């Protein structure tokens with residue numbers, strides 16, 4: 001338990017360090033090629049941190065089910081672990097803490113190349129107003145009356161806004177959680193389970209139809225941007241602590 005707490009504290013610490021990755025100097029870059037390179041460079045640690053946070057949670061999940069399988073009795077598992085599992089179940093919209101299949105499908109990392117590609121498209125490589133003003137890297141909407149920026153040209157009668165985040169890291173964390181729990185991306189998660197280590201950004205694009213109203217055209221755009229900018233090379237890089245790695249986790253699903 002102490003080991004898990006230390007991992008979580010480290011994740012929070014590094015998350016706070018990386019929260020200000022996109023500082024004013026980034027927005028002063030005028031050369032498009034240089035800005036693309038810098039965007040990728042600055043986005044990578046944010047996505048890695050989001051995945052690291054998920055891996056910490058996955059360790060809690062895996063350890064819980066090792067204990068639970070011993071005798072199928074929740075009463076023999078310590079109260080702190082049960083509380084952690086209840087919190088994770090609430091976070092990931094899972095009805096029962098003993099639903100191992102759903103936990104392991106939902107609590108897993110997102111391909112680095114997919115996240116970078118979607119962030120590049122949604123922000124225009126960091127040029128969009130919503131990225132600059134709302135720190136929103138993935139075009140996430142909100143219907144909050146107190147939070148959000150109204151999109152230019154929003155259709156009459158529509159009430160959605162672009163969600164405002166405190167940091168780009170918060171936006172990345174929210175994006176990863178969105179893919180991991182929203183019903184629109186159930187196929188994404190199912191394919192991740194089936195393919196394990198072979199699940200990468202290019203493969204994942206096929207399950208992003210629901211991310212945009214353009215559906216198939218959006219998938220084509222994702223693949224083109226990903227391939228043309230050689231982003232697939234970042235998939236399953238060494239992004240975590242020696243105790244937990246993205247490769248070992250996906251192999252265990």
| In the stretch 100-139, what residues are at negative phi, crowded, with 19+ Cβ neighbours inside 10 Å and in a loop (DSSP other than H, G, I, E, B)? | 107, 108, 109, 110, 111, 136, 137, 138
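Condition first: touching a residue at least 60 places away in the same chain (Cβ under 8 Å), closer than 25 Å to residue 42 by Cα and within 16 Å of the chain's Cα centre (by Cα). Can you find one or more residues in the stretch 178-190 that meet it?
Yes, the stretch 178-190 has at least one match.
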| remark: Scanning the stretch 23-62 for residues that are in contact with a helix residue (DSSP H, G or I) (Cβ under 7 Å, 6 or more places away or on another chain) and under 17 Å from residue 121 (Cβ atoms) gives 38, 39, 40, 42, 43, 44, 46, 47
| query | Taking residue 23, is it under 30 Å from residue 133 (Cβ atoms), surrounded by fewer than 20 Cβ atoms within 10 Å (Cβ to Cβ) and without any contact (Cβ under 8 Å) to a residue 60 or more places away in the chain? | reply | yes
| request: Of the conditions (1) modelled with pLDDT of 95 or more; (2) part of a helix (DSSP H, G or I); (3) farther than 30 Å from residue 129 by Cα; (4) touching a helix residue (DSSP H, G or I) at 6+ places or on another chain (Cβ under 9 Å), residue 10 clears all except one; give me its number. | output: (1)
| request: Determine the pairs where a residue that is on the phi > 0 side of the Ramachandran plot and modelled with pLDDT under 95, located within the stretch 196-223, has a partner that is part of a helix (DSSP H, G or I) and loosely packed, with under 13 Cβ neighbours inside 10 Å with Cβ atoms under 7 Å apart, the partner being 6 or more residues away or on another chain. | output: 196/251
| request: Quick one: which helices (runs of 4 or more DSSP H) lie wholly within the stretch 16-94 and hold at least 2 residues that are under 30 Å from residue 230 (Cβ atoms) and more than 25 Å from the chain's Cα centre (by Cα)? | output: 32-71
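Could you check, for the stretch 146-158, whether at least one of its residues is buried (at least 17 other Cβ atoms within 10 Å of the Cβ), in a loop (DSSP other than H, G, I, E, B) and on the phi > 0 side of the Ramachandran plot? So that I can check it myself, show each step before the final result.
Start the filter on the stretch 146-158 by keeping residues that are buried (at least 17 other Cβ atoms within 10 Å of the Cβ), which leaves 148.
After this cut, where a residue has to be in a loop (DSSP other than H, G, I, E, B) as well, the list is 148.
Subsequent filtering for residues that are on the phi > 0 side of the Ramachandran plot retains 148.
Within the stretch 146-158 (the criterion being buried (at least 17 other Cβ atoms within 10 Å of the Cβ), in a loop (DSSP other than H, G, I, E, B) and on the phi > 0 side of the Ramachandran plot), the answer is yes, since at least one residue qualifies.
The values are calculated or read from the model by the stated rules, or taken from the named source; none is laboratory data. This is a predicted model, so every value here is computed, not measured. Here Cβ is always computed from backbone atoms with ideal geometry, including for glycine, and neighbour counts include all displayed protein chains.
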